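A.B. asks: After the structure tokens below, expect a handful of questions from me.
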Amino acid sequence: MSLSLFKVKQTYFEKLFKSNANSDPNSNSNSSSSSSNHANKKVPKVLLLDNITTSIISLSYTQSQLLSNDIILIELIENHKRLSTMKHLDCIVYINPNSASINQLLDEMKSPHFRKYRVFFNNVAGKNDIEQLAVADEYDGIDQVLEIFQDYYILNDELYLNKSLSMRKSVNPVLEQAKSLTSLLLALKKSPIIMYESNSIDLKKLSSELLYIINSNSNNNLFDDLNQRSDTPPVLLLLDRKNDPITPLLTPWTYQSMIHEFLTIDKNVVTLPDNQVILSQQDDSFYNESMYLNYGDLTNKFQKYVEQYKSETKQSSIENLKSQNLAELKKTLTKFPEFKKISVNILTHLNLISGIDEQISKQQLWDIGELQQTIICDLDNQSDIKNKMIQVLENKAISTMNKIKLVLLYSYKFHNPTDLSLFIGKLENETITSPLPNPTQLELMKKFTTLFKSHDSALDSNQDQHEQHQNRQGLSNLFTNRKVNINNLFNRNSTNHSGNDNVYLSYTPRLNQILTNLLNPHGGGATSNQGSNLHPNLSTLYPEVIKQQYGDTSADSIQDLIIYFDGGVTYEELRLVHEFNQENRKINIIIGGDEMLSSDEWLKKMYQMISRTENSNQGHEDGGFAMSTQDRQAQLREIL
């Protein structure tokens, strides 16, 4: 896979910790012999980070990896004035090229605490910054200065997160977003066509900033010749979360998504009551094989995993070793460390699955999840769905948050003001709802359809009418027979795990239709008035290097696709991308966003949107979020 984020991570690990300090072609050739002898010796090193690269390092590399490469001390450059002088140690500096970190590095070089320095920036450094660093290096302590492009978090092989402290603190977050995405493109060695959803003012600004960065950096060859091995140009697809508010609202039913929904994954770390769990696709084979499994298949696989462990440890028990010869005894005993590792792994996933199961039962999510899918996938008639909604809203045991999610889904699907007023009345009844919804939550329910209703008629419906009819016929019995074993709904023994065969996975994210249209350009999709677009709701920008190398690319198929969700991405959309990659090995897709969303996190973001809208008379503060379609188009024309 050419778009492998793990490969990027390994490449940069080797550059940071394995390359020789004097491998720089500009270094003095007369010192090659001594530097070779120095390189062969293991020299303890200090790793000097800033608050941005600290998170990147901790997410990407383990402590044992750092120790194996002689990193014996990690310090923050913010504390450079309090560092101890240790001239027997070399220092690897790895920082973001922001003004604060640059200034702190300049101060360190004016009064160095270590013997030699190798300086790495995790994004493009300015020419002026490099010149200042050269002037500040009065003691000639710097052996090497390199840019390595890692201004983002690598969560999985197909998932990245474009969210850093520099973005949150910046007065121009769009510029920081663009810089981070530029870093990713350079790491992957891709100079892409930029596609973005044309109804989004935010994406218009972001795409324009990216185009400017790519074109302006052509002079220093950063983006030249990146696509020489590709027959077709890569594509960077920018999507706006506000165009799909439904996917993050739904309760997910696959392992990785459920862990984040119920237990929260923060940069691959899950905090449980008794300990912290690190989820590693590379180091945990059970997690790697199970992360996209539905809940029924997951529990089945875990049971087999436990039974296999029991069987193997029983065969290797002390009682069974008595009759074995010494060779067999030695072979068996070597397995015990591995058994210990497996037992810890089993306990880890037992705790995770137990935590998920506890939340499903506590929140009555078998019923809630079924109703969510029924509403959004049109699996029942509106009258019956309304009656089920009333039953749920009158159930004291169901949380206010889950009731709000259902009302939002119903409002989005049916847009019936009378029903909405009825539901809100139920939510404001303190005898059946606790706690009562606050004013912002009530305002969101009232304005949800106005604010989020998709203007894309081709993608507004999750399925066409024929598919909806089939679902009604094939799944109607699931909603009339309440005695059905809930685990059977996951079709554990079925070889077909498509969403349409699984009531809890009936919904397919809007991204599915976008990718289907993009990756099948000759499948009858419409073209826009720009002609070069593969979808009528996407606008396209072509960097100069693309025009020079490929010319007219309107008929070309896509091989490498980088997706970015402005406003947050979900683990269910990652699962969809993984399935696309598995089904067609000629297609390489990775996905990311500025946040990993759960349903509760998405609700909080929408509350913030509502609050900003209320504080702005004309609703312009959220980038045109509360404008009418005509107002959006008018503002788009002004900045085009």
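A.B. asks: Tell me, yes or no, whether region 98-111 has at least one residue that is part of a loop (DSSP other than H, G, I, E, B), surrounded by fewer than 20 Cβ atoms within 10 Å (Cβ to Cβ) and out of contact with any helix residue (DSSP H, G or I) (no Cβ under 6 Å at 6 or more places or on another chain).
C.D. replies: For region 98-111, residues part of a loop (DSSP other than H, G, I, E, B), surrounded by fewer than 20 Cβ atoms within 10 Å (Cβ to Cβ) and out of contact with any helix residue (DSSP H, G or I) (no Cβ under 6 Å at 6 or more places or on another chain): present.
A.B. asks: I would also like to ask the following. Mind listing just one residue for me: the one in region 388-421 that is assigned to a loop (DSSP other than H, G, I, E, B) and closer than 19 Å to E443 by Cβ and, of those, modelled with the highest pLDDT?
C.D. replies: If we take residues in region 388-421 being assigned to a loop (DSSP other than H, G, I, E, B) and closer than 19 Å to E443 by Cβ, then N416 is modelled with the highest pLDDT.
A.B. asks: Still on this model: Which number in (1) assigned to a strand (DSSP E or B); (2) within 30 Å of Y287 (Cβ to Cβ) marks the one condition that F149 misses?
C.D. replies: All conditions are met except number (1).
A.B. asks: For the structure I just gave you, tell me whether A134 is modelled with pLDDT of 95 or more and of a type in the set (G, A, S).
C.D. replies: Spelling it out, A134 is indeed modelled with pLDDT of 95 or more and of a type in the set (G, A, S).
A.B. asks: Scan region 1-13 for residues that are modelled with pLDDT of 80 or more and either under 16 Å from V43 (Cα atoms) or part of a loop (DSSP other than H, G, I, E, B) (or both) and jot them down.
C.D. replies: Once the filter is applied, which keeps residues that are modelled with pLDDT of 80 or more and either under 16 Å from V43 (Cα atoms) or part of a loop (DSSP other than H, G, I, E, B) (or both), region 1-13 yields L3, S4.
A.B. asks: Still on this model: Considering each of S216, S290, S230, S285 in turn, give the residue that is in the same structural domain as I590 (by TED's automatic domain parsing) and either more than 30 Å from E147 (Cα to Cα) or touching a residue at least 12 places away in the same chain (Cβ under 8 Å) (or both).
C.D. replies: Testing whether each residue is in the same structural domain as I590 (by TED's automatic domain parsing) and either more than 30 Å from E147 (Cα to Cα) or touching a residue at least 12 places away in the same chain (Cβ under 8 Å) (or both) leaves just S230.
A.B. asks: Give me a count of the residues in region 34-65 that are closer than 18 Å to F114 by Cα and modelled with pLDDT of 90 or more.
C.D. replies: Of the residues in that region, 7 qualify.
A.B. asks: I've got another one for you. Mind checking which pairs have a first residue in region 354-369 that is without any contact (Cβ under 8 Å) to a residue 40 or more places away in the chain and a second that is among the β-branched types (V, I, T) and assigned to a helix (DSSP H, G or I), Cβ under 9 Å, 6 or more apart or different chains?
C.D. replies: D357/T299; Q364/V392; D367/V392
The values are calculated or read from the model by the stated rules, or taken from the named source; none is laboratory data. Since the structure is predicted, the reported quantities are computational estimates derived from the model, not experimental observations. Cβ sites come from the backbone with ideal geometry, for glycine too, and all protein chains shown count toward neighbours.
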